[in-house]
Amino acid sequence: MKIKNRLINKNSAPLVIAEIGINHGGSIAVAKQMVLAAKSAGCEIIKHQTHFVEDEMTEEAKTIFPPNASKSIWDVMEECSLSKDEEVELMRFTEGLGMIYISTPFSRSAADFLYEIGVPAFKIGSGECNNLELVKHICSFKRPIIMSTGMHSIDEIRPSVNILENSAIDYALLECTNLYPSPPQNVSLRGISDLQREFPNALIGFSDHSIGPEMCIAAVALGAVIIERHFTDTRYRKGPDIICSMDPVELKYLIDRC
C-alpha cells in the first residue's frame with residue numbers, strides 16, 4: 001500500500017497514525033496545535049474524523065448518551081465537528097508541514113467531501129465496518145482504505161473484505177478493541193494473527209485504545225505494519241477520547257521504537 005509517498009509493507013517501518021479525531025473539541029486552533037505537536041514528535045500522518053451530524057445520525061441519537069460523556073452522542077459530535085472550510089484549512093495546514101492527512105467519513109456525504117478535497121486514503125472506523133453500502137461507496141473512489149474491525153468477528157467482517165477485494169484497491173485491516181480505555185487483559189493481540197491468517201491479501205495493523213505504549217509495541221512484534229492511536233497535545237484537555245490518547249512524549253516513544 002502507498003499513501004502519497006509513504007510505502008507501507010512488511011519490509012518498511014510501521015506507520016504510526018496520530019488520530020486527533022474529535023479531541024480538538026470543534027476548535028480549528030486547537031486542532032492545529034495538535035498537528036504541530038504530532039509533527040514535533042516525528043509523526044508522518046494525521047487522522048481526523050469528518051462528521052456531518054444530520055447525515056450520519058437519526059433524531060434518536062439526541063437521546064443516547066455514551067458511557068464516557070454527559071451529553072447525547074448527537075450533541076457531542078455536533079460540538080466537536082469542524083465545518084467544511086475548517087477541515088480544508090486543517091488539511092492544508094497539515095500538508096504544509098510535510099505530513100499526510102486522512103480522515104474517517106461517517107456518511108456518504110462526508111466521504112464525497114473528503115474525495116473532493118483530495119484525501120489520499122480513507123479510514124473506515126469499526127462502527128462502519130459492516131455498513132456495506134458505505135464501504136462500497138468509499139471503494140468507488142479507488143483510493144487506499146484502512147479499516148478497523150473492532151466489535152466484529154471474522155465472519156462478520158468477511159462481506160466488507162470481499163467488497164474491498166472485488167474493488168481491486170489496496171487495503172489494510174486493523175485489529176481493535178472498542179473499550180475506551182481498553183484494559184490490557186481485554187486487548188486481543190491474537191486478533192492480529194487471526195486477521196493475517198484469514199485475509200492474506202490484506203496488510204494488518206492495530207488500532208489501540210489502551211493506556212501506555214506496551215500494546216502497540218507488542219502488536220508490532222506480532223507483525224502489525226500500521227499502528228493507530230488517539231492523540232492529544234496534552235492530557236489536561238477534556239473530551240471523551242482524551243483518556244485513551246497518547247501525548248507527544250508517548251508518540252515519539254512509539255515512533256522511535258517501531
Matching entry among Leu132, Leu82 (being in contact with a His (Cβ under 9 Å, 6 or more places away or on another chain) and in contact (Cβ under 8 Å) with a residue 24 or more places away in the chain): Leu82
Complete set of residues in region 113-134 that are crowded, with 20+ Cβ neighbours inside 10 Å, more than 24 Å from Leu179 (Cβ to Cβ) and more than 14 Å from the chain's Cα centre (by Cα): Leu114
Condition met for Glu54 (open to solvent by 30 Å² or more (accessible area, probe 1.4 Å), among the acidic types (Asp, Glu) and either in a loop (DSSP other than H, G, I, E, B) or closer than 20 Å to Ile146 by Cβ (or both)): no
Filtered residue count, region 211-236, keeping only those that are over 17 Å from Ile45 (Cβ atoms), assigned to a loop (DSSP other than H, G, I, E, B) and either of a type in the set (Gly, Ala, Ser) or open to solvent by less than 70 Å² (accessible area, probe 1.4 Å) (or both): 4
Matching option when the condition is aliphatic (A, V, I, L, M), in contact (Cβ under 8 Å) with a residue 40 or more places away in the chain and crowded, with 18+ Cβ neighbours inside 10 Å, among Ala69, Ala38: Ala38
Residue list for region 38-68, filter: closer than 26 Å to Ile227 by Cβ, over 16 Å from the mean Cα position of the chain (by Cα) and of a type in the set (A, V, I, L, M, F, W, C): Ala41
Only one of Lys32, Lys84 that is open to solvent by 70 Å² or more (accessible area, probe 1.4 Å) and farther than 18 Å from Tyr180 by Cβ: Lys84
Cβ pairs under 6 Å, 6+ apart, first in region 234-255 and within 20 Å of Ala29 (Cβ to Cβ) and of a type in the set (Ser, Thr, Tyr), second at pLDDT 95 or above and buried (at least 17 other Cβ atoms within 10 Å of the Cβ): Ser245/His230; Ser245/Phe231; Ser245/Thr232
Extreme residue, farthest from Lys10 (Cα to Cα), among residues of region 196-209 that are out of contact with any Gly (no Cβ under 9 Å at 6 or more places or on another chain) and buried (at least 21 other Cβ atoms within 10 Å of the Cβ): Asp208
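Give the residue that is farthest from Ile20 (Cα to Cα), with candidates limited to residues of region 135-174 that are of a type in the set (D, E, K, R) and crowded, with 18+ Cβ neighbours inside 10 Å.
Per the criteria, the residue is Asp170.
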All positions within region 140-180 that are under 19 Å from Ala111 (Cα atoms), touching a His at 6+ places or on another chain (Cβ under 9 Å) and assigned to a loop (DSSP other than H, G, I, E, B): none
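The values are calculated or read from the model by the stated rules, or taken from the named source; none is laboratory data. Keep in mind that what you see is a predicted model, and the values were worked out from it rather than measured. Glycine gets a Cβ as well: all are built from the backbone with ideal geometry, and neighbour counts include every protein chain shown. Side chains included, ligands, DNA and RNA excluded: accessible areas come from the protein's heavy atoms. Shrake-Rupley method; radii C 1.70, N 1.55, O 1.52, S 1.80 Å.
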